[in-house]
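Just below is one structure, and these are the notes that go with it.
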């Protein structure tokens, strides 16, 4: 049985693989479109040359070979607009639509092959086989990462090749079938090899991205409490200040310090001191409830809470909630001079227009210093 984390990573890998497949198809089909347009223009040029040389049969089919090629050229020129529409669709719509388009385009090429076999006096099995093989190989290179797309594209041309092989003189029928069979084997083994390389590359890319995200998360987290660290707080706070400057939204910061933490460490030991900081972190996260709030370890026994879209009155409510939450835990602190349990001193400041992060932190630090000087276990508002 897979764990929840393994299921999550597997789901992310599948999503990453689908996105990578979509990007690969976008690049491959653009190239395939160019090759198809060149092939159609070549056949159209060949048609005019062979017609003037009286090497083509006319009026033997209900349709015109010339207009068949011109129609395919026009459709080919319109394909980029169809791709633009498809690329904007969700995966559930985009992929089946692409398969249908691939099937229709393969049928169009099979019909061209049939027409050549009827009207072209020089168009024997070898010419048809070479032309279809070239298109299938380019289709393989363009769509190897999507097996269904490749075979919807190749189904009609391959079926036509098998049918055309049976039209040959009796002594060549078996040889032609063998040639088509070898082509099919080459296409499938080549597709599997290219697809395996593609999936391996995407898998390694995904592993590297996951590792990079983990390293980035570790770089922005305090290893003891799991909170954001000072570096991450500074980045988010600067962004919040820039947003507040533009949108004129309020922003409030609370700076907190554990009262008499050195005495706590000396009395209970450093292990207990670490557990004390973890408890404080839990209380802060429990008290800061909004999605835009950020709790960070500022350094040592100091913590900071960033309250976005919150004014000074809202900051006071959060500070009171922090006090009550920590008091409810009632962690004993025999070295404290203000309470029998662990307490915090808090400074609160609301950001002002034109104020930098350094200026804001200086004001909130002054408010914290005032709270500690006036008895601790309280909060003070910055001037």
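Side notes on the structure shown:
- The stretch 248-284: number of residues that are touching a residue at least 24 places away in the same chain (Cβ under 8 Å), in a helix (DSSP H, G or I) and surrounded by 17 or more Cβ atoms within 10 Å (Cβ to Cβ): 8
- Test for residue 337: is it in a loop (DSSP other than H, G, I, E, B) and assigned by TED's automatic domain parsing to the domain that holds residue 268: yes
- Among the candidates 41, 77, 86, 61, the residue that is in contact (Cβ under 8 Å) with a residue 40 or more places away in the chain, in a helix (DSSP H, G or I) and surrounded by 12 or more Cβ atoms within 10 Å (Cβ to Cβ) is uniquely 77.
Results for (1) out of contact with any strand residue (DSSP E or B) (no Cβ under 7 Å at 6 or more places or on another chain); (2) without any contact (Cβ under 8 Å) to a residue 60 or more places away in the chain; (3) closer than 25 Å to residue 18 by Cα; (4) part of a helix (DSSP H, G or I), shown as yes or no for each residue.
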residue	(1), (2), (3), (4)
204	yes, yes, yes, yes
223	yes, yes, no, no
233	no, no, no, yes
245	yes, no, no, yes
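- Qualifying residue in the stretch 285-299 (condition: over 38 Å from the mean Cα position of the chain (by Cα) and touching a residue at least 12 places away in the same chain (Cβ under 8 Å)): no
- Residue within the stretch 351-372 that is buried (at least 16 other Cβ atoms within 10 Å of the Cβ), at positive phi and either assigned to a loop (DSSP other than H, G, I, E, B) or outside the structural domain of residue 259 (by TED's automatic domain parsing) (or both) present: no
- Taken over the stretch 118-130, the criterion of being buried (at least 17 other Cβ atoms within 10 Å of the Cβ) and modelled with pLDDT of 85 or more is satisfied by 119 alone.
- The stretch 111-158, subset more than 40 Å from the chain's Cα centre (by Cα) and not in a helix (DSSP H, G or I), residue farthest from residue 36 (Cα to Cα): 121
The values are calculated or read from the model by the stated rules, or taken from the named source; none is laboratory data. Since this is a predicted model, take the numbers as computed values, not measurements. When we count neighbours, we look across all protein chains shown, and the Cβ atoms used for this are built from the backbone with ideal geometry, even at glycine.
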